[in-house]
Structure formats: C-alpha cells, structure tokens
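Novice: Structure provided below as structure tokens; questions to follow.
The values are calculated or read from the model by the stated rules, or taken from the named source; none is laboratory data. These numbers were taken from a predicted model, which means no experiment stands behind them. Note that each Cβ is placed from the backbone with ideal geometry, even for glycine, and that neighbours are counted across all protein chains shown.
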Amino acid sequence: MPLALRSIQESLNRFACQFLSRTMTTPEQCGIAGCGQPVAATVDGETLCREHFILVCYKRLDQYEEIRKGPGLIAANTESVRRFIHECTRAADEIEHAAQDLDNLDRAKLLHIILSASELGRHLRRSPRKVAVIPVRLTSEKLGGTWEEETETVLVSRYGALVRCKHPAKAGDTLRLVRSDTGQKATARVAWQRPLGEEDVRIGVEFVGCENFWGLDWGVVEDSRDRPQA
C-alpha cells in the first residue's frame, strides 16, 4: 500500500476508535459510594440501584411518618414530600412491573413502599374532592383474575377518584382506567375498598405518575367532601 494511502487509513482508524469510545458508554451505576450495581431509579436527583432504592424509600417514609405524627410537616416541606411520594411511587411501580429478576421478597417490599407512600400522601393532600359522575372503564390484568367493567365515578380529585366497582379489587391492585367520554387512559392503584350494601361497592383509586387526569382547575373547585355522596 502506498505511504499516503496508509497514512489516510491509519487516520481513519484512529477517528473510528475515538468515535466509538465516545458513543459506547457503560451502564450508569448507583450513586451510593462503593456500589457498582446498575441504576434502577432516580429519587430527588439521586441515582439508585434497586437495593438502595428500597432502603432509601423505607428510610425516608419512616422519617416523614415520624414527623407527621410528631411536630407535623411545615408548609415549606410539604411540596418536597409530595415530590418524593410521586417519584417513589412511580419508580417502585415501574421496577415492580419491568424487572425480570425480581424475587417475591423484593416485590413485596416494592408494593409495601407504594402503599405506604400512598397512605402518607393522603395525609398531606389538600386537593379538593368534587362530586362528579364520569363514565369510566376499569380493567384488571392481574394474573388469574382479569376483568373489565363499565362503571362511573362518585368523587374525583387531582390524584384519583372514588369509583363504583362490582369486581374484587384489593388494596395494592393495579388497574387501567379509561374515560369513556374522552378515551384518556391512566394507571391507578387501589387504595381501599368499601362495600355499601349487597351490590354497591366503591373503591378509592390513586393515579400512578399522573396528576389532574380530570382536567379541572382545582384552584376554583369547591371542596365537596362534606356533601352527600351519590
């Protein structure tokens, strides 16, 4: 090969190596010192592997619960706690659904984190409830117990709804909620179930990773929690 062509070939090879070194990045690792596990979630800007995500969530939830029971959370901290609850719940739900190597113990811990965060969120929530009958379709894709139901809401809020439901839905179950009028979809977690008669059962659902699903201006919505329910 002529010297000039060889020089050009070597330059192209060097350029290719530099380009590949820039584009081929290693998987991001957990931000906890000494941990080399891959990142599973980000909470308050901190990248965490699955194990440390679970530990951090438990620690923070315990801290907030102690403060809530004691001196109480001041207004300045409330938004920070809300943000943590939102990120924690969304990440736990994503890991629980997406992880391929999740054992039963870690799955139970993630579900417990979701329920604990939802419970804490209920104590912080100041969103008004509005009496509203909105047609919705509930779908459960739970293994061994799939079902679908056309029903309606009783109350709605920024973070969820009170819904009529004739199917068995336990706290912690994941449901797909679709508005029959607009087709808008959301994933929701069952917070509780309450029978009101032989056939009238109502469930409280909380949206996962979704706020203001109902498209209302909550700043002007009158709080209707004390009104008679439909």
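Novice: Inside the range 185-230, can you point out the residues that are at pLDDT 85 or above and at positive phi?
Specialist: GLY215
Novice: Inspect the range 150-159 for any residue being hydrophobic (A, V, I, L, M, F, W, C) and within 18 Å of the chain's Cα centre (by Cα) and give the result as yes or no.
Specialist: No; the residues of the range 150-159 include none that is hydrophobic (A, V, I, L, M, F, W, C) and within 18 Å of the chain's Cα centre (by Cα).
Novice: Answer yes or no: is there a residue in the range 33-42 that is at pLDDT 85 or above, of a type outside the set (A, V, I, L, M) and assigned to a helix (DSSP H, G or I).
Specialist: No, there is no match, as no residue in the range 33-42 is at pLDDT 85 or above, of a type outside the set (A, V, I, L, M) and assigned to a helix (DSSP H, G or I).
Novice: Looking at the range 206-230, I want the residues that are over 20 Å from ARG83 (Cα atoms) and have a partner that is in a loop (DSSP other than H, G, I, E, B) and modelled with pLDDT under 75 with Cβ atoms under 8 Å, at least 6 apart or on another chain. Which pairs are those?
Specialist: The qualifying pairs are VAL221/PRO128; GLU222/PRO128; ASP223/PRO128; SER224/PRO128; ARG225/PRO128.
Novice: While we're here: Return the total of residues in the range 154-183 being small (Gly, Ala, Ser) and more than 15 Å from SER140 (Cα to Cα).
Specialist: Total satisfying the criteria: 5.
Results for (1) small (Gly, Ala, Ser); (2) over 26 Å from ALA40 (Cα atoms); (3) free of Cβ contacts under 8 Å to residues at least 60 places away in the same chain; (4) surrounded by 15 or more Cβ atoms within 10 Å (Cβ to Cβ), shown as yes or no for each residue.
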{"residue": "PHE84", "(1), (2), (3), (4)": "no, no, yes, yes"}
{"residue": "GLN100", "(1), (2), (3), (4)": "no, no, yes, no"}
{"residue": "ASP106", "(1), (2), (3), (4)": "no, no, yes, yes"}
{"residue": "SER116", "(1), (2), (3), (4)": "yes, no, yes, yes"}
{"residue": "LYS130", "(1), (2), (3), (4)": "no, yes, no, yes"}
{"residue": "LEU138", "(1), (2), (3), (4)": "no, yes, yes, yes"}
{"residue": "LYS142", "(1), (2), (3), (4)": "no, no, yes, no"}
{"residue": "GLY145", "(1), (2), (3), (4)": "yes, yes, yes, no"}
{"residue": "VAL163", "(1), (2), (3), (4)": "no, yes, yes, yes"}
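Novice: Considering only residues that are of a type in the set (Gly, Ala, Ser) and assigned to a loop (DSSP other than H, G, I, E, B), which ones fall in the range 116-157?
Specialist: Within the range 116-157, SER127, ALA132, GLY144, GLY145, SER157 qualify.
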